[in-house]
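The values are calculated or read from the model by the stated rules, or taken from the named source; none is laboratory data. The shown structure was predicted, so the numbers you read here are calculated from the model rather than taken from an experiment. Ideal geometry is used to build each Cβ from the backbone, glycine not excepted, and the neighbour counts take in all protein chains shown.
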Amino acid sequence: MNWYRRSLKLMINIINKPKKGFIAAGVFFFVLLGYCMLAGLSLIIPLLVAFYGCHLAFFRHLEAKRFLHLGFLLTIIVFAGRSLIEFLHFSPYAIPVASVAMLAMLLFNDLQLAFSMSFMASAVLSLVIGMPLDYCIIVFIGGLTGAYAISGTRTRGTVLFAGLLLGAVQAMGYFLVHPVFSREILMNGLQPFFISGLLSAAAVLATLKIFETLFGELTNFSLLELSDSLTQPLIKRLAFEAPGTYHHSLILSNLAGAAADAIGANALLVRVGSYYHDIGKLVKPEYFTENQMMADNKHDDLEPSMSRLVILNHVKEGVDIARRHKLSPKLIDFIQQHHGTSLIHYFYQKALIEGETESVSEENYRYLGPKPQTRETAIVMLADSVEGATRGLDEHTPNRISDMVRKIINNKFIDGQLDECALTLREIDTVTGVFSRELAAMYHVRIKYPNAKKTNGHHGSKSSADESPSAEPDGQ
């Protein structure tokens with residue numbers, strides 16, 4: 001098994017390294033060209049693949065490794081399709097071509113990529129096995145149907161339903177092109193399409209985890225597994241060793257998830273990223289206020305420069321812990337980027353006031369970054385800032401919370417922390433409104449219960465509603 005593990009590791013390294021990806025993409029193109037020449041196939045196939053790669057590189061600005069991922073999927077279905085016909089004598093209409101588009105949709109969550117992969121798979125396969133144009137169109141429509149049917153799905157049952165649906169759509173397309181009403185031909189013609197649909201669904205479910213590992217992607221199925229915090233070792237450790245941080249992470253996941261839903265971002269990824277964003281605090285949890293409970297503040301006995309190192313290190317320690325536990329790079333992004341390059345304002349001001357002997361540089365009191373690169377990591381950064389500031393307010397009135405949220409997000413924007421992500425001004429305004437509403441609901445003011453009136457002959461009874469067992473909060 002050692003050779004298998006080494007081969008898998010080498011494949012993952014090649015697929016996920018940009019420079020190696022360019023080299024591998026070039027090798028893939030020339031191998032495809034040679035294969036077409038030796039097999040007597042049309043040379044339009046490598047030309048079509050080359051133009052597709054140029055489109056992805058120049059117009060979609062896709063990384064080389066992503067192009068290699070797509071090429072890998074395309075190669076597998078072309079070779080599998082030809083093998084099924086030559087060795088198992090499959091009907092061309094029974095080949096699970098739609099599985100490529102469905103995998104692209106689940107792995108990359110991109111309808112445009114799924115659309116283009118459905119076209120490329122149907123076009124290249126029809127050229128390889130020598131089928132006419134109507135075959136290409138029918139299979140292309142089936143792939144699109146499967147991809148659209150599983151867009152955003154979180155259940156495996158939907159994948160099976162998509163397989164049946166794409167089989168029905170392919171059958172309908174076939175009989176629109178070939179209007180044959182003979183019962184015998186009709187029954188014989190339906191079987192390959194539903195076989196194709198079921199095989200596509202089965203192939204997706206069977207290989208999805210393999211491609212996730214190879215490509216370093218996270219699908220909704222894996223995110224749902226990770227969102228079950230009670231079964232994840234790191235989150236269980238966080239709940240036991242740093243309960244304040246754990247509680248903060250739960251609140252943050254609800255807050256950031258609501259904002260992501262409001263702007264159409266990946267809310268499930270945001271929720272899971274929120275769970276893991278502060279796992280670096282497992283190293284020295286007592287140095288963070290949410291975990292100090294009734295204990296003294298550890299930073300009271302430290303110089304600001306030392307406190308700065310402790311605070312900065314929780315990001316580095318979090319990345320190290322995540323890599324040791326083989327977390328996805330997408331989750332590591334939340335750990336690295338949830339503070340961006342923000343200033344550790346409290347200890348910077350403390351250093352200025354105390355007049356430390358060394359020169360106090362603002363750059364030394366900034367997180368190392370990088371700044372948030374996606375909408376999802378940016379939402380978590382903003383939610384982390386506003387949630388912590390809300391807990392520090394003296395009065396949790398809706399107006400005070402709303403003013404505070406707008407001030408903090410505006411400061412992040414002015415400081416350039418949102419420069420490298422795709423959040424628009426309209427989306428920032430929407431996120432601000434969601435944060436204000438959600439935080440006002442979380443920290444809503446409860447009414448004060450009046451003291452219980454004393455009744456004649458019961459002077460020894462409890463006199464306050466707080467002491468009475470019947471004085472439970474009634475949700476106000």
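The figures follow:
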{"item": "Contacts under 9 angstrom Cβ, first residue in segment 159-179 being in contact (Cβ under 8 Å) with a residue 12 or more places away in the chain, partner β-branched (Val, Ile, Thr) and not in a helix (DSSP H, G or I), 6 or more apart", "result": "Val159/Ile150; Val159/Thr153; Phe161/Ile150; Ala162/Ile150; Ala162/Thr153"}
{"item": "Residue in segment 168-183 that is among the small types (Gly, Ala, Ser), in the same structural domain as Pro92 (by TED's automatic domain parsing), assigned to a helix (DSSP H, G or I) and in contact with a Pro (Cβ under 6 Å, 6 or more places away or on another chain) present", "result": "no"}
{"item": "Residue check for Ser151: assigned to a loop (DSSP other than H, G, I, E, B), within 23 Å of Ile210 (Cα to Cα) and not β-branched (Val, Ile, Thr)", "result": "yes"}
{"item": "Search result, residues across segment 83-101 that are within 18 Å of Ala168 (Cβ to Cβ) and either part of a loop (DSSP other than H, G, I, E, B) or among the charged types (D, E, K, R) (or both)", "result": "Ser91, Ile95, Pro96, Val97"}
{"item": "Qualifying positions in segment 394-425 - among the aliphatic types (A, V, I, L, M), assigned to a loop (DSSP other than H, G, I, E, B) and free of Cβ contacts under 8 Å to residues at least 12 places away in the same chain", "result": "none"}
{"item": "Boolean, Gly216 is surrounded by fewer than 18 Cβ atoms within 10 Å (Cβ to Cβ), under 22 Å from the mean Cα position of the chain (by Cα) and modelled with pLDDT of 85 or more", "result": "no"}
{"item": "Qualifying position, being touching a Phe, Trp or Tyr at 6+ places or on another chain (Cβ under 9 Å) and without any contact (Cβ under 8 Å) to a residue 12 or more places away in the chain, among Leu352, Leu327, Leu302, Leu309", "result": "Leu302"}
{"item": "Residue list for segment 113-158, restricted to those being free of Cβ contacts under 8 Å to residues at least 24 places away in the same chain, under 21 Å from the mean Cα position of the chain (by Cα) and crowded, with 18+ Cβ neighbours inside 10 Å", "result": "Ala149"}
{"item": "Total residues in segment 289-330, condition farther than 30 Å from Leu218 by Cβ and assigned to a helix (DSSP H, G or I)", "result": "12"}
{"item": "Residue match in segment 352-365 (condition: in a helix (DSSP H, G or I) and among the aromatic types (Phe, Trp, Tyr))", "result": "yes"}
{"item": "Cβ-Cβ under 6 Å pairs, at least 6 apart or on other chains, segment 380-391 side outside the structural domain of Lys412 (by TED's automatic domain parsing), far side in a helix (DSSP H, G or I) and of a type in the set (A, V, I, L, M, F, W, C)", "result": "none"}
{"item": "Filter result (aliphatic (A, V, I, L, M) and not in a helix (DSSP H, G or I)) within segment 252-268", "result": "Ala265"}
{"item": "Qualifying position, being surrounded by fewer than 22 Cβ atoms within 10 Å (Cβ to Cβ), of a type in the set (S, T, N, Q) and at pLDDT 90 or above, among Thr341, Thr357, Thr289, Thr377", "result": "Thr341"}
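Each row is one residue, and each column tells you yes or no for (1) out of contact with any Lys or Arg (no Cβ under 8 Å at 6 or more places or on another chain); (2) crowded, with 17+ Cβ neighbours inside 10 Å; (3) small (Gly, Ala, Ser).
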position: Arg237; (1), (2), (3): yes, no, no
position: Phe240; (1), (2), (3): yes, no, no
position: Thr245; (1), (2), (3): no, yes, no
position: Ile263; (1), (2), (3): no, yes, no
position: Leu282; (1), (2), (3): no, yes, no
position: Pro285; (1), (2), (3): yes, yes, no
position: Leu327; (1), (2), (3): yes, yes, no
